[in-house]
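What follows is a short report on a single structure.
A short reminder: the numbers here are calculations on the coordinates, not readings from a lab. Predicted model, so just to flag it, every value in this text is computed and none were measured. All Cβ positions, glycine included, derive from the backbone under ideal geometry; neighbour counts span all protein chains shown.
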Amino acid sequence: MRRTFARALALAATAAVIPLASPAPATAGVVIGGYPVDIAEAPWMVALSSRDRFGGTRAGQFCGGVAIGRETVLTAAHCLGEEVLGAPPRKVRDLRIVAGRGDLRADGGKEIAVRDIWINPRHDAYTNAGDFAVLTLSEPLDAGSVIRPAGAGDAAYKPGTGAVVYGWGDTTGNGDYASSLRASHVRVLSDAVCEEAYPGSADGTYLAGSMLCAGETGGGRDACQGDSGGPLVAQGRLIGLVSWGSGCGRVGSPGVYTRASGVATALGAGR
Ligand code: 4AZ
């Protein structure tokens with residue numbers, strides 16, 4: 001978690017003071033190795049926003065989120081930590097989600113206030129286990145703007161499955177945040193790959209069962225800082241939330257995601 005924590009802090013500081021000036025090179029992507037996507041193709045993708053904390057240039061975006069119900073958005077627990085927000089989340093008066101807007105400099109879609117915040121009390125900032133939170137919206141999204149989490153045992157979790165990660169995060173690993181939504185193609189990797197990459201260090205510990213390993217064996221395509229909390233989608237279903245990793249797009253350091261089936265189970269059990 002130490003690295004994620006530091007990166008989140010860096011994001012907060014950068015976004016608050018420095019306009020995100022340098023545009024991403026055309027070859028980079030969100031997400032590293034990605035490409036631009038139309039929000040209409042990812043209507044469940046939302047941005048978490050606080051202009052007070054992160055400035056207005058990119059609508060205050062600081063993390064991703066995904067709608068699994070008309071009033072229910074999932075994100076990463078670490079996105080709502082005091083280290084990221086600079087205050088307990090309930091004190092962030094202008095915490096909103098931005099839906100239906102791909103270009104954060106434009107004003108399409110909707111900004112919706114967050115009515116309730118539930119952060120997984122079992123989130124472990126050291127291993128990064130249980131990295132999810134639920135935001136309840138003050139008004140409902142359109143019925144078509146939700147995606148279903150893949151249940152445990154769904155074929156979409158099988159290693160080798162093609163998946164897509166979405167976000168407005170760093171496109172280069174150097175703090176070049178995207179203004180328009182991007183996506184990157186990755187593959188579900190076996191638990192063994194991440195167990196080997198992350199046996200336990202300051203970055204985190206890979207825990208099969210509640211985490212999901214994804215990336216490309218050769219590196220290159222990955223989520224990065226600012227993408228956290230956003231969706232990893234395979235076969236039309238949500239399989240993960242961007243959580244952590246060592247750097248972005250590095251060979252031998254895949255992306256680690258919160259496994260969506262575990263989230264659904266935890267919520268189904270009354271949280
Ligand atoms: C972060 O700092 C972060 N490459 C998110 C995702 C990844 C690494 C770091 C995965 O929020």
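Computed quantities for the displayed model
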| item | result |
| --- | --- |
| Cut-off 14 Å between beta-carbons: net charge of the residues surrounding ALA156, Lys and Arg +1, Asp and Glu -1 | +4 |
| For TYR257, net neighbour charge (Lys/Arg +1, Asp/Glu -1) across residues whose Cβ lies under 15 Å away | -3 |
| Given charges at Cβ of Lys, Arg, Asp, Glu: the chain dipole, positive-most of ILE97, THR161, GLY240 | ILE97 |
| Surrounding net charge for ILE68, when Lys and Arg each add one and Asp and Glu each subtract one, Cβ distance under 13 Å | +2 |
| Separation between Cα centres of region 176-204 and region 230-244, rounded to whole Å | 11 Å |
| Unit charges on C-beta of K, R, D, E only; dipole of the chain, Debye | 300 debye |
| Rg followed by Dmax, in Å, when region 181-253 is reduced to its Cα trace | 11.5, 34 |
| Burial ordering of VAL164, VAL251, fewest other beta-carbon atoms within 10 Å first | VAL251, VAL164 |
| ³J(HN,Hα), Karplus 6.51/-1.76/1.60, whole Hz, each residue of region 97-112, x for Gly, Pro | 10, 10, 10, x, 10, x, 9, 5, 8, 9, 10, x, x, 9, 10, 10 |
| Sequence-separation-based contact order of the chain, relative, with Cα cut under 8 Å and 6+ spacing, percent | 24 percent |
| Region 155-261, relative contact order in percent, only Cα pairs under 8 angstrom and at least six apart counted | 29 percent |
| The chain: projected area of the alpha-carbon convex hull, averaged over directions, in nm² | 12.0 nm² |
| Sorted largest first, extent of region 88-204 alpha carbons per principal axis (Å) | 43, 35, 31 |
